[in-house]
Amino acid sequence: MYIESENAVINDMVKEIKYLEDKLAEREWIPCSERLPDKGLRVLMQLNNAWQIVGWYDKEDKQWFELIYAEPVANDRVLAWMELPPDYKGEHK
């Protein structure tokens, strides 16, 4: 009986590790040559000058835009992108 409960704990730990690995993989840089973000998704962009800015990609116009002024960003300047974390849900002061 002790071994069965030990196995259950180990199985739960393995599931939790897999879940955390999956969540971490969601936060990795995605090269633009591999895939572009979905329409309307705000992302963090890695530029070729080492800057990182927030913006989005318009699939219809095939154009990157920075968020603050909605100005276009030259497509060849954006090397990779990453989804932003979810909005903060904690207490506001």
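The values are calculated or read from the model by the stated rules, or taken from the named source; none is laboratory data. Computed from a prediction, not measured in an experiment: that's the story for all the values here. Note: ideal-geometry Cβ built from the backbone for every residue, glycine included; neighbour counts use all protein chains shown. Side chains are part of the model used for accessible areas, which takes the heavy atoms of the whole protein and leaves out ligands, DNA and RNA. Shrake-Rupley method; radii C 1.70, N 1.55, O 1.52, S 1.80 Å.
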>> Out of the residues in segment 20-40 meeting the condition of being charged (D, E, K, R) and at pLDDT 75 or above, tell me which one is farthest from Y57 (Cα to Cα).
In response: E28
> For segment 33-91, which residues satisfy the criterion of being acidic (D, E), part of a loop (DSSP other than H, G, I, E, B) and in contact with a strand residue (DSSP E or B) (Cβ under 7 Å, 6 or more places away or on another chain)?
Replying inline: E71
>> Checking L44 against (1) at pLDDT 95 or above; (2) open to solvent by 50 Å² or more (accessible area, probe 1.4 Å): exactly one of these is not met. Which one?
In response: (2)
>> Can you pull out every residue in segment 39-93 that is among the basic types (K, R) and in contact (Cβ under 8 Å) with a residue 40 or more places away in the chain?
In response: R42
>> Given the condition at pLDDT 95 or above, open to solvent by 80 Å² or more (accessible area, probe 1.4 Å) and either of a type in the set (V, I, T) or outside any loop (DSSP other than H, G, I, E, B) (or both), answer yes or no: does some residue in segment 11-19 qualify?
In response: no
